[in-house]
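The values are calculated or read from the model by the stated rules, or taken from the named source; none is laboratory data. What you see is a predicted model; the values in this text were computed from it and never measured. For neighbour counting, all protein chains shown are included, and Cβ atoms are generated from backbone atoms with ideal geometry for every residue, glycine included. Accessible surface areas use protein heavy atoms only, side chains included; no ligands, DNA or RNA. Shrake-Rupley method; radii C 1.70, N 1.55, O 1.52, S 1.80 Å.
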Amino acid sequence: MELSLCLLALVGLLAKSISLPLVIASCFGCNPKFSSWKSEGEGSNCCLWDGVECDENTGHVVALDLSSSCLYGSIDSHSSLFLLSHLRRLDLADNHFNYSRIPTALRQFSRLTYLNLSMSRFFGQVPSEISHLSELSCLDLGFNYDGEKFLELKNPNFGSLIQNLTSLEKLDLSLVNMPSTIPDLLANFSSLVSLLLQDCGLYGEFPANIFLLPNLEDLNVEFNEFLTGHFPEFNHSHLSVVELGGTSFSGNIPSSVENLVSLSRLDVSDCSFSGHIPSSLGKLSHLSALDLGNNNFNGHIPYSLQNLTQLTSFSLYANKVTGPIPSWLGNLTQLVYIYLHQNELDGLVPQSLSRLRNLEGLSLQHNNLVGTLIFDMFLNMKSLAYLELGNNKFSLLFGKKNVNATVSKFKLLGLSSCNISSEFPNFLEHQNQLEWLDLASNGIHGLIPQWMWHTSIKTLKAVDISNNSLTGFQVQPSAVLPWIYLRILDLSFNMLQGKLPLPPQSISYYDVSNNRLNGEIRVEICNFSSLLVLDLASNNFSGKIPQCSSGNFGNPLLVLNLRNNSFDGSIPQTCTKTSNLRMLDVSHNKFQGKLPRSLATCMMLEHLDVADNHIIDIFPTWLGTLPELKHLILKNNGFYGPIGKPRNTFEFSKLRVIDLSYNGFTMELPSEYIFIWESMKDINVSDPAYTNVNIFVELAEMYLNISIKYYYSTTIVHKRVETVYPKIQEAFAAVDLSSNKFTGGIPNVIGNLKGLRSLNLSNNKLIGHIPSSLMNISNLESLDLSYNQLFGEISHQLTQLTFLQIFDVAHNRLTGPIPQGNQFNTFGSASFEDNLGLCGNPLPKKCDNSDPSPPLSSSASEKDHDDGSWYSIEYDWKFVLVGFISGLFVGVALGDIVNTRRLHGWLLWTFGKMVLPRRKDQRERSAIIDNSITKFFTERRKQRMKTAVCLPLTYTSLGNEAARNRNRDRPGISASSVAAEIVLPREMSLGHQKLALGSV
């Protein structure tokens, strides 16, 4: 006993060597055991102290349990702890060792069988000394991770650590960073009962024989993305938990899975399994959780699964499962969660589901369910809190209980695209626990009721009622909306009238685009310090944007979209040195003055669109320093003067789209800039991605991190058509310098821009030959050089541009034969007209080598600019565009809203305003231009333009791919075909023409 007292006195010194927990003593679940040691006193029998265990015969301390003891600090190798040489069990789990290293002196505990250092914020390399503790049966180093700092196992690696630990029964290295394969020798650890290797960075083939270890009960290797493997054929096994989610396991689930008679949990979600769901799963009578989500399973849900009467969680989301939802699910009364979303299920929603009194979550969205679904069936399910029914084919109706207080108190309610054609659902008035409400993309009409602003005031985090037919507010909100914790509010694509409702300061995502809201923006908007996205596009707002004291809207702002309103004054100051702004669109307004020089501090800016304003400035060379800028749209303003030369070779290094059209730029084309536009030279045309900014909104109370993809949009003249791109593909590159006063020749260096899809240099004063270097732009789809003074022959090498769909050199001074072959055989005579020296197909003039070329006619070009108007040309013209189909590549990759444009004149509608069908998928909401209107830049254009247009349109939308997981994307819109015939009078001037399409 004296020996025991002596050693326990040393344990007392341990309390001095580890900083005691005064700072964190109040942490949850913390039990400072040292405090009881002090009260016992030094003379007491310390074998009776809390957390201490002694050998009954020798009195030696053999076990020390200081888990959850509020310890804080570090343990060095000279600590008195290591004098306890007879220690066999050491548990220091759930403390805070301040990211210190695991002490190497642990090797002195040669008899140690149990070592638990989990959840204690150790950091750095796992010491090799642990590999010498050959008697260990339990080694738990898991969850030493706080998002940044973590344990590592690199040297020694995984195999070196465990090679001597052959007696292990439990091994937990979860969240230890050890990028390696799983050593084959682990399949020989016959005593292993629990193997937990969650999220370790493991890769390579998982040794299949580990599944067959005779005593293995718990196997978890989930979230090792690059770990591959497959199931073996099973014999009798003790496995009770198998968790492979988030790995790259593949193949089928073998029918021999029925031999896992003890299995209670099977999770293979987010893998690459395929084939039918084996009916033998129905024999696993102890199964309580079955998660097969996000794989490639097909076929029907097996009838045999009705035998799984202990099932509490059934997940089959994001597969290719067909057939009806089985009615027998209503007999599995223990079910708490059912996730069947994103499949191809059809038929009716079975009424038997209403019998599941324990059900808390039901997710059926994104299927092909049909019929009429009466919502009242869910109202008496007392436990139901999470209900998602959106994006099916049924019509959702609300019965008599719609107006009564309901039994169910929902937290998450997803009813988007449910064909709700009523007024605002009244049952929501009685909901006081809602956190997420999604009613997007329905036919809800009328006014937003006054009671809506008082629903779930203290809990609501996200509201989406976009893409409906709501016309206004029963009572206009006069102050800030009362939802004090609101983070997401989307009212876009309605017909809302009135003033802008102001959300609370907690707002992160606010979208009211494509409505009819009016008035000025209130200065309170400056208080939105957490705002990430503000989208006010396509409304009737006017006045000046409030100038906030420290830059508008704060540094967190990622997206500011003011497009298509009537704002005036100066463009708002949106940037500071710490700004995170990615996208700024102020196009189609009445902004004046110069570009704000503060934009030069927007180091994260990717998309800048100031088109169609009244800005008067020189070319903003100072924007060249922005390292992320991809899209620069300055068209239809009053920019003037020469573009100049870059100061270094790194300017505009990521630029993909530049549109300077309809300005007054002069002098030669900017060949020095063209030379350094590196991002247009080498483009992966097979990249299907679209430029966007990912918006992450954390809803901590719901344990959700919402990811919203906000796609950049713009209007570009591509293939003679002014096209609104709701999404811009990463691989898309375009240069539009048309309708300026550029002179000189086309530089050969332009052929270096091999990634270009569209090049428009029309309506300038360019002279010289068409450079043959254009043949190097192999992906070019549209080339417009019309209305210049180019001369010489068209190089036959341009026939190598096999993707070219639009080629226009009309109204120049070109001579010689028109090249024949490939795409040139598809171009009409309008592409070559008013070049008196050209001959050959498709022109009626045939080539005669014996005749000298006619003299160049200068009359047309001389009067191109003689009135001082740089955009004015007189001509005879008739143009027919029939069956326009988006390009060979771009038509697949870009969603098009087409505004037919051939000559830039004013349009006189013969059929009045055209309204196209509205369509918008709430999963992908891009910034789409709605209610766009024709605007003027000068009175001179207005007096010149007289145009009559007959334009029949056909519109076909392309389907959207269902999004996986809980990510919400902004919608894209695609147009597949447009037929148009445009007849223009004999004399007119080249100006700006736009056909405005309604919301699609």
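Find the residue count for region 678-692, including only residues that are open to solvent by less than 10 Å² (accessible area, probe 1.4 Å) and of a type outside the set (Ser, Thr, Tyr).
Selection size over region 678-692: 1.
Just for region 194-220: of the residues that are of a type in the set (A, V, I, L, M) and touching a Ser or Thr at 6+ places or on another chain (Cβ under 9 Å), which one is surrounded by the most Cβ atoms within 10 Å (Cβ to Cβ)?
Ranking the qualifying residues of region 194-220, first place goes to Leu197.
Of everything in region 170-192, what is in contact (Cβ under 8 Å) with a residue 40 or more places away in the chain and either in a strand (DSSP E or B) or under 17 Å from Leu239 (Cα atoms) (or both)? Give them in sequence order.
Asp172, Ser191
Would you pick out the residues in region 297-338 that are open to solvent by 60 Å² or more (accessible area, probe 1.4 Å) and within 31 Å of the chain's Cα centre (by Cα)?
Residues satisfying the conditions are Lys320, Tyr337.
Can you name the residue in region 548-562 that is at pLDDT below 90 and open to solvent by less than 10 Å² (accessible area, probe 1.4 Å) and is also farthest from the chain's Cα centre (by Cα) among such residues?
So, considering only residues that are at pLDDT below 90 and open to solvent by less than 10 Å² (accessible area, probe 1.4 Å), the one farthest from the chain's Cα centre (by Cα) is Asn552.
Could you pull out every one of the strands (runs of 3 or more DSSP E) wholly within region 340-379 that has 1 or more residues that are among the β-branched types (Val, Ile, Thr)?
Output list reads 372-374.
Test Val261 against the criterion of being hydrophobic (A, V, I, L, M, F, W, C) and within 32 Å of the chain's Cα centre (by Cα), and give yes or no.
no
With the checklist (1) in a loop (DSSP other than H, G, I, E, B); (2) open to solvent by 10 Å² or more (accessible area, probe 1.4 Å); (3) at pLDDT 95 or above in hand, flag the one item Ile521 doesn't pass.
Status for Ile521: all satisfied but (3).
Is it the case that Phe652 is among the aromatic types (Phe, Trp, Tyr), part of a loop (DSSP other than H, G, I, E, B) and in contact with a Leu (Cβ under 8 Å, 6 or more places away or on another chain)?
Taking the combined requirement at face value, the residue satisfies it.
To keep it simple, each residue is scored yes or no on (1) over 29 Å from Gly664 (Cα atoms); (2) crowded, with 24+ Cβ neighbours inside 10 Å; (3) in contact with a Lys or Arg (Cβ under 6 Å, 6 or more places away or on another chain).
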{"site": "Asn515", "(1), (2), (3)": "yes, yes, no"}
{"site": "Ile525", "(1), (2), (3)": "yes, no, no"}
{"site": "Ala537", "(1), (2), (3)": "no, yes, yes"}
{"site": "Asn564", "(1), (2), (3)": "no, yes, no"}
{"site": "Gly569", "(1), (2), (3)": "no, no, yes"}
{"site": "Thr578", "(1), (2), (3)": "yes, no, no"}
{"site": "Pro596", "(1), (2), (3)": "no, no, no"}
{"site": "Ala600", "(1), (2), (3)": "no, no, no"}
{"site": "His607", "(1), (2), (3)": "no, yes, no"}
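Here are Leu534, Leu486: which of them is among the hydrophobic types (A, V, I, L, M, F, W, C) and part of a strand (DSSP E or B)?
Leu534
Rundown of residues vs (1) touching a strand residue (DSSP E or B) at 6+ places or on another chain (Cβ under 8 Å); (2) open to solvent by less than 30 Å² (accessible area, probe 1.4 Å); (3) without any contact (Cβ under 8 Å) to a residue 24 or more places away in the chain; (4) not in a loop (DSSP other than H, G, I, E, B), yes/no style:
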| position | (1), (2), (3), (4) |
| --- | --- |
| Leu413 | yes, yes, no, yes |
| Ser417 | no, yes, no, no |
| Ile420 | yes, yes, no, no |
| Ala440 | yes, yes, no, no |
| Leu447 | yes, no, no, yes |
| Met452 | no, yes, no, yes |
| Thr459 | no, no, no, no |
| Asn467 | no, yes, no, no |
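For region 112-142, give me each residue that is part of a strand (DSSP E or B) and at negative phi.
Tyr114, Leu115, Asn116, Gln125, Cys138, Leu139, Asp140
Hey, can you tell me all the residues within region 74-87 that are within 19 Å of Pro32 (Cα to Cα), open to solvent by 10 Å² or more (accessible area, probe 1.4 Å) and of a type outside the set (S, T, N, Q)?
Within region 74-87, just Ile75 meets the criteria.
From the residues in region 740-774 that are of a type in the set (Ser, Thr, Tyr) and more than 25 Å from Tyr640 (Cα to Cα), which one is nearest to the chain's Cα centre (by Cα)?
Ser773
Table: residues versus (1) of a type in the set (Lys, Arg); (2) touching a helix residue (DSSP H, G or I) at 6+ places or on another chain (Cβ under 8 Å).
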{"residue": "His132", "(1), (2)": "no, yes"}
{"residue": "Phe143", "(1), (2)": "no, no"}
{"residue": "Gln163", "(1), (2)": "no, yes"}
{"residue": "Lys170", "(1), (2)": "yes, no"}
{"residue": "Val176", "(1), (2)": "no, no"}
{"residue": "Pro183", "(1), (2)": "no, yes"}
{"residue": "Ser190", "(1), (2)": "no, no"}
{"residue": "Ser194", "(1), (2)": "no, no"}
{"residue": "Glu205", "(1), (2)": "no, no"}
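Considering only region 249-285, state which residues are surrounded by 17 or more Cβ atoms within 10 Å (Cβ to Cβ) and closer than 24 Å to Tyr203 by Cβ.
Phe249, Ile253, Leu266, Asp267, Val268, Ser269, Asp270, Cys271, Phe273
Kindly provide the set of residues from region 41-81 that are on the phi < 0 side of the Ramachandran plot, under 51 Å from the mean Cα position of the chain (by Cα) and among the hydroxyl-bearing types (Ser, Thr, Tyr), ordered by number.
Of everything in region 41-81, those that are on the phi < 0 side of the Ramachandran plot, under 51 Å from the mean Cα position of the chain (by Cα) and among the hydroxyl-bearing types (Ser, Thr, Tyr) turn out to be Ser67, Ser69, Tyr72, Ser74, Ser77, Ser79.
Can you pull out every residue in region 591-620 that is modelled with pLDDT of 95 or more, closer than 22 Å to Thr649 by Cβ and outside any loop (DSSP other than H, G, I, E, B)?
Leu608, Ile618
If you check every pair at least six apart or on different chains, which have Cβ atoms under 9 Å apart with a residue in region 140-153 that is over 22 Å from Leu112 (Cα atoms) first and a residue that is in a loop (DSSP other than H, G, I, E, B) and of a type in the set (Gly, Ala, Ser) second?
So the pair list comes out as Tyr145/Ser174.
Give me the residue from region 139-157 that is more than 34 Å from the chain's Cα centre (by Cα) and surrounded by fewer than 20 Cβ atoms within 10 Å (Cβ to Cβ) and, out of that set, farthest from Val193 (Cα to Cα).
Asn155
Quick check, is Thr621 β-branched (Val, Ile, Thr) and in contact with an Asp or Glu (Cβ under 9 Å, 6 or more places away or on another chain)?
In short, yes.
Each row is one residue, and each column tells you yes or no for (1) open to solvent by less than 20 Å² (accessible area, probe 1.4 Å); (2) over 26 Å from Asn144 (Cα atoms); (3) at pLDDT below 85; (4) not hydrophobic (A, V, I, L, M, F, W, C).
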| position | (1), (2), (3), (4) |
| --- | --- |
| Ser44 | no, yes, yes, yes |
| Trp49 | no, yes, yes, no |
| Val52 | yes, no, no, no |
| Asn57 | no, yes, no, yes |
| Ser69 | yes, no, no, yes |
| Arg89 | no, no, no, yes |
| Leu92 | yes, no, no, no |
| Ala105 | yes, no, no, no |
